Structures are given as structure tokens and as C-alpha cells.
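**Q** My questions will all concern the structure given below.
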Amino acid sequence: MERMSELAISLASVERRFGSVRAVDGLDLEVPAGSVAVLLGPNGAGKTTTVRLITGALRAHAGTVRVLGLDPQTDGDTIRQRTGVVPPKPALFDQLDGWDNLRFTADIWGVSHDSVLPAAERFGIDHALDQAVGGYSTGMRTRLALARAVLHDPDILLLDEPTAGLDPESSRAVLDLIRELAGRGRTIVMCTHLLHEAEGIADQVVMMGAGKSQAAGPPTRLAAEFLREPTVVFDAEDRTGLDAITERPGVISATWNGALHVKLEDLDSLPDLVAAMVGDGVRLTRVEPQLPTLEHLYFEVQRTLRSQS
Amino acid sequence: MRLDRVLTVARIDLRRLLKSRDYWIPMSLLAGLFFVVVPFVMLSVVTSASGTANELVGQIGGVLDALPGPVQENIQGATPQARAAYAFAVYLLAPVAIIVPLTISSAVAAQTLVGERERGTGEFFAHSPLTEREMYLGKLISSLVPGFFATAIGFGAYSLIVNLRVGPEFGGWFFPTAGWWLLIVWVVPPFIAIALSVILWVSSRVTSTAAAQQAASLVSLPVIVASYAVSSGLLFDPTLAALLIGSVAWIIAVIGLISGSNALQRERLLSVGID
């Protein structure tokens, strides 16, 4: 996968207010070209406003926004020409059929109508192009919106809750698209509040809350920073052999939840721990280090931030 | 600014209108009523030999006799019935040329910008490379076209009716007269453009289509009254005054349209509260 070092998107101390509400409040965000950034956060965290600031659809009240090296407020048309957006609601023309939706989009972006059918085929919506979009299912609408967003082969793709309301198959298709586009060097920003969606596709995770970036970085770095006490699941033929595990070196705590979930100071102590238990005659049936998931990470970040405040 | 993009915005709207029976059926009925049904019935009554016709001709004749001498000279016809039919066909129905296109166009214009926000499709336009001016002009064209299309068809039908019902009295085809051409080509368009410039501005500012339509009615009414007065007056004296009034109206329209296009803000297309 090609990764370029320059920044495709850069937000520094950006603010955007709606009346007295600060939708984005001093946000810093850097997305390298050719990378996938996932904006994670609950509703109202400022994710959609951030996307709108990136395309210049909204004006920042303070701070600096640069996209492809350009200012969205002065070069917004150029930026939008090189950007594809899938909004939370697909924003399709319901009275028109799929062909019209894609052809008019092609006309606005100045691309050939020849690109319409391949884009529709790519998302498996080509069979429904003759139908009025108002009769599409949620999944079909999202597929058409995705086809529309990539019709002009954008350098940057902004996906705002692209899998909302989708069935698992359609959701997987969306995530596959993101992987494919990322593999072709496109810069992708995806907003979601579904943590599992970001797993495996994010080069960078930005956890947002109240318009701010609460934590940002590659998932592995965030895990190292916030998940300092790895968990290992243990089980044994005779569970009484696990009773005194908290007295062993390197063990912080242990709780039963189907099996014994043991928090260690670090994973380096695991081999010695297992060897000692086996040496004591404990016949272990399960030793499973829990890989840090984004969900763990997210809630750990929230817990850490709460404790800090 | 790219004309092809402007036309694409207009085509999107027009295609949607064409697919929307809720819009074009009532508007077609409106145009049909004003351009075909009412003129046909009235001219049929006036040119018939019934007692009602005689009474009506007498009343119209009384009105015509009260007009100043130079104005009376513009009304042709050898008999009172012919003069009444001429006055009715050429003068009294003139405001139709304003009311129909203005009503049809303002109905489109009122919902065009705020409607995009309500439907969520404003998000598409806001994230597109279209400039605000391209969007505005596209919306303006898509508002004007239905009104002028209906007027062109309706005016053709109206001319046919007038010439068939009243023409024989004047030696054949005589309508449209020079005054009507001046009205249709030079005077009506700027008045409609003035109204649309205000309505589009309102549509870009309010938060719902209902509010836009209410505001559009308030805007349309004085424009209709003003244009009614102007167009009726011009038909009595289709000379330099018409050109002057048309010119002034065009200047006001252009100023209004430029101001309107400058006032359109991209973020108002988004479904968020902007305060």
C-alpha cells in the first residue's frame, strides 16, 4: 500500500459554532495523503461538521483548514472537484432514476457518462438503475451514493456514517470499498460511532467528543498509550488451581466472567506466569491474550479522560 | 462560471418537476384555465347574438366610451360588438400574460433552495464543485422555464382562439398585436425576474418550504398588481413608454438577480441550524 508523507487534510485549532453551540471546538486533525482516518465518537461529537469544514461546505469560525494544500474558503471549488462525499443521508434525487442521479453527477464533476455504468457495477446497483431512487432500499441508496461519490475518482473520500442502517452484507461491501480505495492510495476519512467498523481499516483513529479530538493516532500507538494493562483469559481442568493467581508476580487483578480474565502488568510476564502455574501442577486448558479492540480502546480512553477531569 | 454546470442544475430541477405530477397537473390546469377556457368562453359570449351578449357588449361599450379619445382610437372594430370583442381580446386579458408565468415560476422558485435543504439533497450541492452563482442561475432557469413554457404554449393557444373567434371581424389574423409582442418579450420577463430574485432570496433564507411559499405569495401579489397596471397601460400606448418601463424593469431585475446570487450561501443548503 502506497503511503505518502504529505498531509492531504490538516485542521489546526478549528472552531465552528451554531449559535451558542460549539460543534467543533479547537479541533486539530492531520490526515496524511493515502491514509485512512476514522473519526469515532457519539452523536453530536462534531464528526459531520468536520467533514463539512473539510469540503468548505461550512466556514470555520477560527483556526486553519487546509485540504490538498488549499484553503476550502478560497479554493473550495477545486477541493470539492477532487473530493467525494457520502453524507449521513445519501442526498439522492428520489424522483429520478439511478441513471439520472449518476449522469447528472458526472455532468457536474465534468466526467464522461462512460464512467456511470462501471461505478454502478462496482457497487452492485447496476440492475436497479432504471428504477426511481425513491423506491430503493436503504442498502441500495447507500450503494448508489457510494457509486456517485467515486464516479469522478476523487483523491479524497469522505464517508459520514456510510453503513448506518445497512444490512451486514452491504456494510461489508462498504468496508471492502474503503480497503480497496486505500490500497489505491486514496485518502479516506470515515465517520462512525460503530467501533467495530474501524477495526482493521484505520491507519489513524481520531476519537472525538464535544467537538474536540480526545485522542488521535494509529490504533497500535493508542493501545500502547491507553491499554497498558493487557488482559489474558485463563481456564483450567481444575479451576481451584487458578484461585491464587493474583498472588503471582506480574498479576494485577483477576475476575471470573465465564473464564478467568487476568490483568497483567505487561505481556512479557506471561511466559513466566504460565511456566510457574504448570510447574505447580495446574493443567491449563486456555491461555488467551485478549487483543486490544477498538472498543476496549475507546472506552479506556473515555475512562482515562473522565478520571483526568 | 461554467454554463454547462448551470444548465445541469436546471436540468436536474426540470427533470424532477417533470416527474412530479403534483406540480405540473395543477399548473397545466391553471394555464389552461386562463389561456384557453376563460378566453374561449368570454369571446364566445361576446361574439354570440344572445341577449346576454348584447348586455355585455353594452356594458363594455359604456366603459370604452369613457376612455380618452386617443385611447379609443386604438380599439378597432366597425360595430359595438366587434369593438367589445377587440377590447376584450387585446386589452382585458393582458394581465393573464403576467399571472400565469409568475404563478408557475414562483411556485418552483419558492421551494427550490429551501426544498433542497428539506429533502437533504442540499448536501449534494453543498459538497459539489458548483459555485454559488452556478447553483443560483441554474435554479433561476429552472424556475423560469416552466412559466415561460406554459406561457408560450398558452399564448399560442390564446392567439389561435382570438384569431378564430374575433379575427373574421378584422379581416383575418390580427393577433398578437405589436403591443402584445412588446408586453410578452420586453415587459413581462423583467417583472417575473424581479419577483423571482426576491423569491429565490427568500427561499435561500427561510427554514421551510411552507414559509417560502407564504413569502412568495406576499412578493407575487404586489408584482402582479404593478405588472397588471403597467401591462394594461402599455397596451393602450405601445410606444416609447413600453420600452422605457421595460428597460427600467430590466435594470431592477438584473440588480436583484446579482444581489440574489451573491446572497446565496453554500452552508444554507445544509440541514443544520445556522445562526
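**Q** Nearest 500 deg cm²/dmol is fine: what mean residue ellipticity at 222 nm does chain B get from its DSSP H runs of n ≥ 4 alone, each adding -39,500 (n - 2.57), divided by its residue count?
**A** About -25000 deg cm²/dmol.
**Q** Write down the Å³ per residue value for the convex hull defined by the alpha carbon atoms of region A:1-99.
**A** In region A:1-99, the Cα hull volume divided by residue count equals 145 Å³.
**Q** How much net charge surrounds A:PRO87 when only other residues with a Cβ under 15 Å from its Cβ are counted (Lys, Arg +1; Asp, Glu -1)?
**A** Charge balance in the 15 Å sphere: +3.
**Q** Between B:VAL38 and B:ALA263, what FRET efficiency follows from the Cβ-Cβ distance if R0 is 51 Å, with the result rounded to 0.05?
**A** Efficiency at R0 = 51 Å is approximately 0.85.
**Q** Using only the Cα atoms of region A:91-207, each taken as one equal point scatterer with no solvent, compute I(q) by the Debye sum, divide by I(0), and report log10 of the ratio at q = 0.12, 0.16, 0.21 Å⁻¹.
**A** For region A:91-207 at q = 0.12, 0.16, 0.21 Å⁻¹, log10 I(q)/I(0) is -0.42, -0.74, -1.21.
**Q** Remind me, relative contact order of chain B in percent, using alpha carbon pairs under 8 angstrom and six or more residues apart?
**A** 28 percent
**Q** Hey, another quick one. Project the alpha carbons of the protein assembly as shown onto their principal axes and report the range along each, largest first, in whole Å.
**A** Ordered largest first, the protein assembly as shown gives principal extents of 128, 44, 39 Å.
**Q** To make sure I understand the rule: partners must be lysines, Cα under 21 Å from the Cα of A:LYS212, and not fewer than 8 residues away in the same chain. Which ones qualify?
**A** Once the sequence-local lysines are set aside, what remains near A:LYS212 is A:LYS47.
**Q** Tally Lys/Arg at +1 and Asp/Glu at -1 over every other residue whose Cβ is under 14 Å from the Cβ of A:GLY211; what's the total?
**A** With Lys, Arg at +1 and Asp, Glu at -1, the neighbours total +3.
**Q** Then there is this: Tell me the label-point distance for the pair B:ILE153, B:GLN72, using the 7 Å Cα-to-Cβ offset, in nm and rounded to one decimal.
**A** Distance between the two pseudo-spin positions: 4.3 nm.
**Q** If you take all C-alpha pairs in chain B, what percent of them are over 26 Å apart?
**A** Tail of the P(r) past 26 Å holds 47 percent of the pairs.
**Q** With the alpha-carbon atoms as the only input, what is the per residue convex hull volume for region B:133-275 in Å³?
**A** Spread over its residues, the Cα hull of region B:133-275 gives 118 Å³ apiece.
**Q** How well do other chains shield peptide B:8-19, expressed as the mean number of their Cβ atoms within 10 Å of each residue Cβ?
**A** If you average over the peptide's residues, the count of other-chain Cβ atoms is 4.
**Q** Turning to a different aspect of this structure: Explain nothing, just the number: relative contact order of chain A, from Cα pairs under 8 Å at least 6 residues apart, as a whole percent.
**A** Worked out over chain A, it gives 20 percent.
**Q** Let me ask something else about it. Scan region A:25-117 for trypsin sites (Lys or Arg not before Pro) in coil per DSSP, keeping those whose Cβ has at most 11 other Cβ atoms within 10 Å, and list them by number.
**A** Loop-located and lightly packed - none at all.
**Q** Could you list A:HIS261, A:HIS152, B:HIS127 so that the one with the fewest beta carbons within 10 Å of its beta carbon is first and the one with the most is last?
**A** Fewest to most other Cβ atoms nearby, the residues stand as A:HIS261, A:HIS152, B:HIS127.
**Q** Inverting the mean 1/r over all pairs of different Cα atoms, compute the Kirkwood radius of region A:172-282 and quote it in Å.
**A** 17.2 Å
**Q** So which GluC sites (Glu not before Pro) in region A:149-240 pass both tests, a DSSP loop state and at most 12 other Cβ atoms within 10 Å of the Cβ?
**A** Passing sites in region A:149-240 are A:GLU237.
**Q** Next question, about the same structure. Can you list the HN-Hα couplings for region A:143-159, worked out from phi with the Karplus curve (6.51, -1.76, 1.60; θ = phi - 60°), rounded to whole Hz and with x for Gly and Pro?
**A** Along region A:143-159, the couplings run 4, 5, 4, 5, 4, 5, 5, 9, 4, 9, 6, x, 6, 10, 10, 10, 10 Hz.
**Q** Further question on the same structure: Within the set of other residues whose C-beta is less than 13 Å from the C-beta of B:ARG16, count the net charge using Lys and Arg as +1 and Asp and Glu as -1.
**A** Once all neighbours under 13 Å are counted, the net charge is 0.
**Q** Report, as a whole number in µm² per second, the diffusion coefficient that Stokes-Einstein gives for region A:7-224 at 10 °C and 1.306 mPa s using the Kirkwood radius over alpha carbon pairs.
**A** It diffuses with D of about 91 µm²/s by this estimate.
**Q** When the Cα centres of region A:147-207 and region A:74-105 are compared, how far apart do they sit, in Å?
**A** So the two Cα centres are separated by 17 Å.
**Q** Using amide H atoms built in the peptide plane, which far-off residues or other-chain residues are under 5 Å from A:CYS191 H to H?
**A** Counting only residues 5 or more places away or on other chains, the set is A:LEU39, A:LEU159, A:ASP160, A:GLU161.
**Q** Same structure, new question: If you filter region A:205-265 for trypsin sites (Lys or Arg not before Pro), then keep DSSP loop positions with at most 16 other Cβ within 10 Å, what is left?
**A** Passing sites in region A:205-265 are A:ARG228.
**Q** Which lysines, on any chain, are close to B:LYS139 with Cα under 20 Å apart, when same-chain ones fewer than 8 places away are left out?
**A** In chain and number order, the partners are B:LYS19.
**Q** Let me ask something additional. How large is the Kirkwood hydrodynamic radius of region A:228-291, in angstrom, based on all distinct alpha carbon pairs?
**A** 11.5 Å
**Q** May I pose another question? Which whole-number percentage describes the relative contact order of region A:88-157, with Cα contacts under 8 Å and a sequence gap of 6 or more?
**A** It rounds to 44 percent for region A:88-157.
A short reminder: the numbers here are calculations on the coordinates, not readings from a lab. All values reported here derive from a predicted model rather than from experimental measurement. For neighbour counting, all protein chains shown are included, and Cβ atoms are generated from backbone atoms with ideal geometry for every residue, glycine included.
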